[in-house]
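This report concerns only the one structure given below.
Every number in this text was worked out from the coordinates using simple rules, so none of it is lab data. Computed from a prediction, not measured in an experiment: that's the story for all the values here. Heads up, the Cβs are rebuilt from the backbone with ideal geometry, glycines too, and the neighbour counts pull from every protein chain shown.
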Amino acid sequence: MTIQRMDNVLIVVDDLDAVISFFVELGMELEGKAPIEGHWVERVIGIDDVRQDVAMLRTPDGHGRIELAKFHTPKAIGAEPKDAPANTLGIRRIMFAVDDIEDVVARLRTHGAELVGELAQYEDIYRLCYVRGPEGIIVGLAEQLS
């Protein structure tokens, strides 16, 4: 076997606390938050003089993780429009299975989230939507119906 599992997805953010709150409201659990700096991280990511705060969140089942990083030095740079549409090259969203999609959308709205399109149903199998949260992060939500 080449890989054992997908360990995490990194999202670089500016407002770390707002993004943590958003994902905690979604149902993720904060594993920890810490400053990261030093030669070892500079060697791994290929950037000199790195100073950042990192938070690790995990899904309730413990199988999925999101790593959030706020760079203090060097400052993060934007690579695309803040509210890039779904057909922009690169990673566009993270999808989560949820029990009650309308409840999740309502709770995330209290953290500034907005629907990207609309809540739609795919056959008799799923109700789906995309939500844009803090910093333009797009989260897909899927409620299985059958």
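Quick rundown of the values:
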quantity: Dimensionless Rg ratio for the stretch 9-73, taking C-alpha atoms and the 2.2 N^0.38 Å reference; calculated: 1.15
quantity: Per-residue ³J(HN,Hα) for the stretch 39-50, Karplus 6.51 cos²θ - 1.76 cosθ + 1.60, θ = phi - 60°, Hz, x for Gly and Pro; calculated: 4, 4, 5, 4, 5, 5, 9, x, 10, 7, 6, 7
quantity: For R51, residues with placed amide H under 5 Å, excluding near neighbours; calculated: H72, T73
quantity: Kirkwood hydrodynamic radius over Cα pairs of the stretch 94-144, then Stokes diffusion coefficient at 37 °C and 0.692 mPa s, in µm²/s; calculated: 304
quantity: Ranking of K70, K75 by count of other Cβ atoms within 10 Å, fewest first; calculated: K75, K70
quantity: Spin-label model distance (nm) - A79 vs I45, 7 Å beyond Cα toward Cβ; calculated: 1.3
quantity: Under the Karplus curve 6.51 cos²θ - 1.76 cosθ + 1.60, θ = phi - 60°, whole-Hz ³J(HN,Hα) for the stretch 59-74, x wherever Gly or Pro sits; calculated: 6, x, 7, x, 9, x, 9, 10, 9, 10, 10, 10, 8, 8, 9, x
quantity: Derived scalar couplings ³J(HN,Hα) [the stretch 136-146; Karplus, 6.51 cos²θ - 1.76 cosθ + 1.60; whole Hz; x for Gly, Pro]; calculated: x, 5, 9, 10, x, 10, 9, 10, 6, 9, 10
quantity: Nearest-20 debye value, the chain charge dipole, Cβ charges on Lys, Arg, Asp, Glu; calculated: 360
quantity: Cα-centre dipole for the stretch 9-73 with unit charges at Cβ (Lys and Arg positive, Asp and Glu negative), debye to 20; calculated: 160
quantity: Stretch gain in nm, segment I94-T110, where the contour uses 0.36 nm per residue and the Cα spacing is subtracted; calculated: 3.8 nm
quantity: Dipole-positive endmost among G112, A142, I20 within the chain (Cβ charges, Cα centre); calculated: I20
